[in-house]
Amino acid sequence: MEKESFVANFNLLFPDAVCELNYKTPYQLLVAVILSAQCTDKRVNIVTNDLFMNFDTPEKMLTLSQQELEKKIHSCGFFRNKAKSILSASEDILNKFGGEVPYNFDDLLSLRGVGRKTANVVISEAFKGDAFAVDTHVLRVSNRLGLTSQTNPDKAEIDLKNFFDKKDWSRLHYQMVLFGRYKCKAIKPDCLGCPFYSVCKVNKK
């Protein structure tokens with residue numbers, strides 16, 4: 001299947017695909033994405049709805065102790081490491097970047113808890129740049145559709161960027177996330193009426 005067909009079909013399936021994390025600022029998005037690791041967006045939104053009422057900036061976040069933040073984000077899982085990452089990133093944002101989340105990709109990667117996926121989400125969503133974040137949904141979908149054979153998200157990102165036009169990267173990320181979350185599920189994918197059925201590895205098996 002040509003890239004134009006993939007893009008057209010994803011546009012038909014999810015014409016209004018957007019990030020499902022709730023946020024108002026780049027900093028809030030960064031915190032939400034850190035919390036989203038191995039956690040649903042729905043749960044993260046519940047947690048951040050309360051958290052951001054009083055701790056929505058790096059300055060305010062750093063008024064919390066490690067233990068206090070752990071209690072507030074406990075239900076997101078991996079709360080100790082996530083709390084450490086959020087507090088460390090907040091400190092660096094204040095001390096190294098003048099209190100603003102950096103736009104530069106390498107600067108984002110320098111923050112604790114920020115890998116390529118998180119940095120790509122912040123670049124594409126908060127700053128409306130061209131980026132292709134590869135999470136578990138995107139990795140699963142891209143493998144099933146033959147867009148990559150890589151199991152490493154960073155290497156899969158390279159394949160996807162090489163295949164698709166830069167202008168489509170950010171939109172396709174969200175479309176593939178929603179496709180993997182609601183249709184091409186890890187267990188019992190909904191293959192009925194799928195426009196990619198002819199190229200899908202699940203079908204071939």
(request) Please name which of Val33, Leu13, Cys194 has its Cα lying farthest along the dipole of the chain towards the positive end, using unit charges on Cβ (Lys, Arg +1; Asp, Glu -1) and the Cα centre as origin. (result) Cys194
(message) Test of understanding: express the Cα radius of gyration of the range 98-179 as a ratio to 2.2 N^0.38 Å, with N the residue count.
(response) 1.07
(message) What translational diffusion coefficient, to the nearest whole µm²/s, does the range 39-114 have by Stokes-Einstein, given a Kirkwood radius computed over alpha-carbon pairs, a temperature of 37 °C and 0.692 mPa s viscosity?
(response) 257
(request) Using only Cα atoms, tell me the angle between helix 26-35 and the longest principal axis of the chain; keep it within 0 to 90° and round to the nearest 10. (result) 70
(request) Give Lys128/Lys188; Lys71/Lys188; Lys71/Lys183; Lys72/Lys155; Lys82/Lys167; Lys71/Lys117 a once-over and call out the pairs whose C-alpha atoms are over 30 Å from each other. (result) Lys128/Lys188; Lys71/Lys188; Lys71/Lys183; Lys72/Lys155; Lys82/Lys167
(message) Need the full-extension length gain, Gln67 to Arg112, defined as separation in residues times 0.36 nm minus the C-alpha distance. One decimal, nm.
(response) 14.4 nm
(message) If neighbour count is taken as other Cβ atoms inside 10 Å, put Leu30, Leu21, Leu109, Leu94 in order from fewest to most.
(response) Leu109, Leu94, Leu21, Leu30
(message) If I histogram all Cα-Cα distances within the chain using bins 5 Å wide from 0, what percent of pairs lands in each bin?
(response) 1, 7, 15, 19, 18, 14, 11, 8, 4, 2, 0
(message) At a 10 angstrom cut-off on C-beta neighbours, averaged per residue, how do the peptides 188-196, 146-154 rank from highest to lowest?
(response) 146-154, 188-196
(request) For an R0 of 25 angstrom, estimate the FRET efficiency from the Cβ-Cβ distance between Asn22 and His74 and round to the nearest 0.05. (result) 0.85
(message) If neighbour count is taken as other Cβ atoms inside 10 Å, put Tyr23, Tyr197 in order from fewest to most.
(response) Tyr197, Tyr23
(request) Order the peptides 163-175, 67-79 from the highest to the lowest mean number of other Cβ atoms within 10 Å of their residues. (result) 163-175, 67-79
(message) Taking a virtual spin label 7 Å from the Cα of Asp50 along the C-beta vector, which residues in the range 78-108 bring their backbone nitrogen under 17 Å of it?
(response) 78-80, 83
(request) State, to one decimal in nm, how far the label point of Ser88 lies from the label point of Arg43, with both points 7 Å from Cα in the Cβ direction. (result) 2.2
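Since every read-out is calculated from the coordinates, none of them should be taken as a lab result. Everything quoted here is computed from the prediction, not taken from an experiment. Note that we place each Cβ from the backbone using ideal geometry, even for glycine, and neighbour counts take in every protein chain shown.
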